[in-house]
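Colleague: Could you have a look at this structure, given as structure tokens, before my questions?
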Amino acid sequence: MQLPAPRGPLTERLFAELARPPHAFGPPPADPYGDRPSNQHGDRHGDPCFGEEDAQLALFVCYELHYQGFDGVDDRWEWNPSLLVLRERLETWFEGWLARRVPRPPAPPSREVPRALAALVAADDGPSLSAYLRSRADTAQFREFVVHRSIYQLKEADPHTWGIPRLLGRPKAALVEIQSDEYGGGRPERMHAELFRATMRGLGLDDSYGAYLGLVPGVTLAISNVMSLFGLHRRRRGALLGHLAAFEMTSSLPNRRYSQALGRLGGDAGARRYFDEHVQADAVHEQIAAHDMCGAFAAEHPGLTGDILYGAACALTLDRLFAEHLLGRWREGRTSLRETDAEVTVR
Ligand SMILES: [Fe+2]
Ligand SMILES: [Fe+2]
């Protein structure tokens, strides 16, 4: 994967450092924008310190060093102390970003966690992207949707896998059971990331890892960043499990609609297979995630039930922000991708 174009002073500086061999560099200034207009590099939405587009991309790139890395960026940057200082600043900003958007649900008693997760999911009243895609979206909009999703789906399941060594016993076995399905149960061609690549090829899109990183807005990056944040910090393991549970519990019905949408738009069985697979698989995964994984974890860690619910709430909120972004842009007749060269590259 190539480093994308910078989106502001943070990413300008970070990408310039990463292009060189690993070395020590100073932390970012408290306000890297100085008197530059904050919306020049993305709307701050009232967030102090960092512009949203710039900071989400910088954090995404810091995290990506733990996954596939970037062409021309030395692998030793992954554990470079200066890089980690910057990453911590960005994580502090991002945790504040989440705190301002995601109300913390009350902590239920341990035995109530599966039921509380179900109630949280049932109470979610965000706009339905899947309903719009099924009945109204044109092919260009469906392709945009797949481009956004490719940022996470081409590494599907990887962020939650960080949770495995942080667990013991029943919740660990449950997480491994889910992840084993996500990774194809030993058959690479059945890995969900591989099925998603087939969907991309069916739509004439570039299925190489990270090909569209430069085109997706901060809200799409935030969806990946929250998983990496929860996965890479042991203190957030409760939130990581709740996040995965919310993912699995909100997957089956939307995926049925995505498949129907693609069928309506002329997609063949190979392109639809990713979505069809999730209709069945996630109906099972949601039970494992809520009861065997989160329920068992809560019984062992009664002090972390609030974190489990918070992780789920973060997943639901980001999903809603994502749907609002896409539907809002499409309502205005605009692309939901960054309005750089999106029209040329994707449409
Ligand atoms: Fe999956
Ligand atoms: Fe799943």
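The values are calculated or read from the model by the stated rules, or taken from the named source; none is laboratory data. Just so you know, these numbers come straight off a predicted model, no measurement behind them. Quick reminder, even Gly has a Cβ in these numbers, built from the backbone with ideal geometry, and neighbours come from all protein chains shown. When the accessible area is computed, the model is the full protein with side chains, heavy atoms only, and any ligands, DNA or RNA have been set aside. Shrake-Rupley method; radii C 1.70, N 1.55, O 1.52, S 1.80 Å.
Colleague: At 0.36 nm per residue, minus the direct Cα-Cα distance, what do GLN287 and ARG115 gain on full extension? Give it in nm, one decimal, please.
Modeller: 60.8 nm
Colleague: Who wins for biggest fluctuation among ASP282, ASP54, ASP268 in a Gaussian network model of the chain, springs between alpha carbons below 10 Å?
Modeller: Taking springs between Cα atoms under 10 Å, the residue moving most is ASP268.
Colleague: Now a separate question. Quickly work out the ARG334-to-HIS66 label distance, labels modelled 7 Å from Cα along the C-beta direction, and quote it in nm with one decimal.
Modeller: So the two model labels end up 3.3 nm from each other.
Colleague: From the square roots a ≥ b ≥ c of the eigenvalues of the alpha-carbon gyration tensor of segment 183-223, which class results: rounded (a/c under 1.5), prolate (a/b over b/c), or oblate?
Modeller: Because a/c hits 1.5 or more and a/b fails to exceed b/c, segment 183-223 counts as oblate.
Colleague: Turning to a different aspect of this structure: If you average the alpha carbon positions of segment 113-163 and of segment 196-266, how far apart do those two centres end up, in angstrom?
Modeller: 6
Colleague: Shifting gears a bit: For a quick check, take a GNM of the chain with Cα springs below 10 Å and name the residue from PRO165, PRO127, PRO302 with the largest mean-square fluctuation.
Modeller: So, out of PRO165, PRO127, PRO302, the one fluctuating most is PRO165.
Colleague: Quick one: what are the phi-derived ³J(HN,Hα) couplings along segment 53-58, Karplus 6.51/-1.76/1.60 with θ = phi - 60°, whole Hz, x for glycine and proline?
Modeller: In residue order, the calculated couplings are 4, 5, 6, 4, 5, 4 Hz.
Colleague: Moving on. Please give the FRET efficiency for ALA5 paired with ARG170, using the beta carbon to beta carbon distance and R0 = 51 Å, rounded to the nearest 0.05.
Modeller: 0.65
Colleague: Quick one: what are the phi-derived ³J(HN,Hα) couplings along segment 97-113, Karplus 6.51/-1.76/1.60 with θ = phi - 60°, whole Hz, x for glycine and proline?
Modeller: So the Karplus estimates, Gly and Pro as x, are 4, 5, 4, 6, 9, 10, x, 7, x, x, 7, x, x, 3, 5, 8, 4 Hz.
Colleague: If each DSSP helix of 4+ residues adds -39,500 (n - 2.57) and the sum is divided by the residues in the chain, what number results at 222 nm, nearest 500 deg cm²/dmol?
Modeller: That calculation yields -18500 deg cm²/dmol at 222 nm.
Colleague: Between PHE322, PHE297, LEU244, whose Cα lies farthest towards the positive end of the dipole of segment 226-323 when Lys and Arg beta carbons carry +1 and Asp and Glu beta carbons carry -1, centred on the Cα centre?
Modeller: Final value for the positive-end residue is PHE322.
Colleague: Run the dipole for the chain about the Cα centre, Lys and Arg Cβ at +1, Asp and Glu Cβ at -1, nothing else charged, and hand back the magnitude in debye, nearest 20.
Modeller: For this selection, approximately 520 debye.
Colleague: With every atom except the alpha carbons ignored, what do you get for Rg and Dmax of the chain, in angstroms?
Modeller: Reported Rg and Dmax, both Å: 19.6, 54.
Colleague: Shifting gears a bit: Sort 106-112, 306-312 by the packing proxy (mean of other Cβ within 10 Å over each peptide's residues), most packed first.
Modeller: My ranking of the peptides, most packed first, is 306-312, 106-112.
Colleague: Now a separate question. State, as an integer percentage, the relative contact order of the chain based on alpha-carbon contacts under 8 Å between residues 6 or more apart.
Modeller: 24
Colleague: Hey, rough spin-label estimate for ARG76 and ARG235, points 7 angstrom out along Cα→Cβ, what's it come to in nanometres?
Modeller: It is 3.0 nm.
Colleague: Just the number, please: carbon plus sulfur as a percent of the accessible area of the chain, 1.4 Å probe, no ligands or DNA/RNA counted.
Modeller: On the chain, the fraction of accessible area on carbon and sulfur atoms equals 51 percent.
Colleague: Now for a separate question. With a Förster radius of 22 Å, plug the Cβ-Cβ distance of GLU177 and GLU300 into 1/(1 + (r/R0)^6) and report the FRET value to the nearest 0.05.
Modeller: With a Förster radius of 22 Å, E is 0.80.
Colleague: With every protein chain left in place, what is the accessible area of ARG170 in Å² (1.4 Å probe, nearest 10)?
Modeller: Answer for ARG170: close to 140 Å² accessible.
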